[in-house]
Amino acid sequence: MVQDKVALITGTSRGIGRGIATALAANGAKIVAAGTNLQATEDFVAELKAAGTEAIAVRCDVSVAAEVEQLVKTAKETFGRIDILVNNAGITRDGLLLRMKEEDWDAVLDINLKGAFLCTRAVSKLMTKQRCGRIINIVSVVGQTGNPGQANYCASKAGLMGLTRSNAQELAKRNITVNAVAPGFIATDMTDSLPEEQRQDLAARIPLARLGSVEDISHAVLFLASDHAGYITGQVIGVNGGMYM
Amino acid sequence: MASIEERVKQIVAEQLGVDEEQVVDSAAFMDDLGADSLDTVELVMALEEEFDVEISDEDAEKIQTVKNAIDYINKAS
């Protein structure tokens, strides 16, 4: 589906980002894996290479413009082009609004929203010249519903949906599609650590009565990155077991 | 080495996908050569890259014709 396409994915050292990179690689893409944890990202790239994928690891803090420019430059020098950008890097700094520190607000907005802006701006320069491209932003169901204790995170993800639509309109003329995938509750390291009771409680709020898997998300991303999705742009695809419709 | 004028005209033709014969000094990017706002931004970026100059947004707005671009690059480089 994405044979020989070059995909740049941020936040690849674990969780959903790692799953997305794995799925794209398994379907023939060349991978530029970016992450702040270089060791973990390099270990992951070594696994991809062992499985026969062309891949490189690049350390990058997506909230720093100079690092993002360098990341895109490295990708271009290595593979000559970028066909797919997945803005996946994200963090949480949860806390109730009344007690939320300004630095926790800024940190989440800087990485989750500004980071996606910086990566999109840098990669778009290549994609507009190529006259094709796929940009996929990983948002969250809580950006649609809100969630107590996550004002910063929810705001960043809602903002990213706005960025998705705006970029989709600007870049459509260059045959570049921009979409978002909004995961619901996904089984990752983070949710694995929750007590069983709380996990059941979560599942009870989901019509399909289970937590999602990383593969549920990566399959949606794979579809949006493929030629099959060429007429879809500016959309938010919910992958949430029906918890938000 | 091609002259600045030739290089500018070549970039305009490439970026806007028009024949070089159409790229005369008086041609306006939007009115005569069919450029839209995204094309003009890309054109300015291509000129910046080719001539290693930085063109401010304010200056970029004033570059509306082929002659404007040639004059600007001549002055800047």
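The values are calculated or read from the model by the stated rules, or taken from the named source; none is laboratory data. No experiment lies behind these values; they were computed from the predicted model shown. Here the Cβ is made from the backbone with ideal geometry for all residues, glycine too, and neighbour counts use every protein chain on show.
Overview of values
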quantity: Every residue from the range B:50-66 that is in contact (Cβ under 8 Å) with a residue 40 or more places away in the chain, part of a helix (DSSP H, G or I) and not hydrophobic (A, V, I, L, M, F, W, C); calculated: B:Glu50
quantity: Subset of the range A:147-195 that is among the hydrophobic types (A, V, I, L, M, F, W, C) and part of a loop (DSSP other than H, G, I, E, B) - its residue that is nearest to the other protein chains (Cβ to nearest Cβ); calculated: A:Phe185
quantity: Failed criterion for A:Arg121 (all others in (1) modelled with pLDDT of 95 or more; (2) surrounded by 15 or more Cβ atoms within 10 Å (Cβ to Cβ); (3) within 14 Å of another protein chain (Cβ to nearest Cβ) hold); calculated: (2)
quantity: Options B:Val12, B:Val44, B:Val18; residue that is buried (at least 17 other Cβ atoms within 10 Å of the Cβ), within 14 Å of another protein chain (Cβ to nearest Cβ) and either of a type outside the set (Val, Ile, Thr) or within 22 Å of A:Leu126 (Cα to Cα) (or both); calculated: B:Val44
quantity: Selected residue (only one of A:His228, A:His219 is surrounded by fewer than 19 Cβ atoms within 10 Å (Cβ to Cβ) and more than 17 Å from the chain's Cα centre (by Cα)); calculated: A:His228
quantity: Condition check for A:Gly146: surrounded by fewer than 17 Cβ atoms within 10 Å (Cβ to Cβ), within 16 Å of the chain's Cα centre (by Cα) and without any contact (Cβ under 8 Å) to a residue 12 or more places away in the chain; calculated: no
quantity: Residue that is surrounded by the most Cβ atoms within 10 Å (Cβ to Cβ) [pool: residues in the range A:22-60 that are in contact (Cβ under 8 Å) with a residue 60 or more places away in the chain and part of a helix (DSSP H, G or I)]; calculated: A:Leu24
quantity: Lone qualifier among A:Ala172, A:Ala182 - being modelled with pLDDT of 95 or more and in contact with a helix residue (DSSP H, G or I) (Cβ under 9 Å, 6 or more places away or on another chain); calculated: A:Ala182
quantity: Sole exception among (1) crowded, with 24+ Cβ neighbours inside 10 Å; (2) on the phi > 0 side of the Ramachandran plot for A:Gly80, by number; calculated: (1)
quantity: Candidate set: the range B:21-41, residues that are in a helix (DSSP H, G or I) and more than 14 Å from chain A (Cβ to nearest Cβ); chosen: the one nearest to B:Glu61 (Cα to Cα); calculated: B:Gln22
quantity: Subset of the range A:93-106 that is surrounded by 14 or more Cβ atoms within 10 Å (Cβ to Cβ) and touching a residue at least 40 places away in the same chain (Cβ under 8 Å) - its residue that is farthest from A:Val139 (Cα to Cα); calculated: A:Met100
quantity: Selection status of A:Ile82, over 18 Å from A:Gly162 (Cβ atoms), modelled with pLDDT of 95 or more and within 16 Å of the chain's Cα centre (by Cα); calculated: yes
quantity: Total residues in the range A:2-17, condition closer than 16 Å to A:Ile82 by Cα and part of a loop (DSSP other than H, G, I, E, B); calculated: 4
quantity: Hits in the range A:152-187 - residues which are in contact with a Leu (Cβ under 9 Å, 6 or more places away or on another chain), farther than 29 Å from A:Asp227 by Cα and surrounded by fewer than 22 Cβ atoms within 10 Å (Cβ to Cβ); calculated: A:Ala155
quantity: Selection count where residues are part of a strand (DSSP E or B) and of a type in the set (A, V, I, L, M), scope the range A:122-139; calculated: 3
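Each row is one residue, and each column tells you yes or no for (1) within 26 Å of A:Ala172 (Cβ to Cβ); (2) part of a loop (DSSP other than H, G, I, E, B); (3) of a type in the set (Lys, Arg); (4) without any contact (Cβ under 8 Å) to a residue 12 or more places away in the chain.
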site: B:Ile11; (1), (2), (3), (4): yes, no, no, no
site: B:Glu48; (1), (2), (3), (4): yes, no, no, yes
site: B:Asn68; (1), (2), (3), (4): no, no, no, yes
site: B:Lys75; (1), (2), (3), (4): no, no, yes, yes
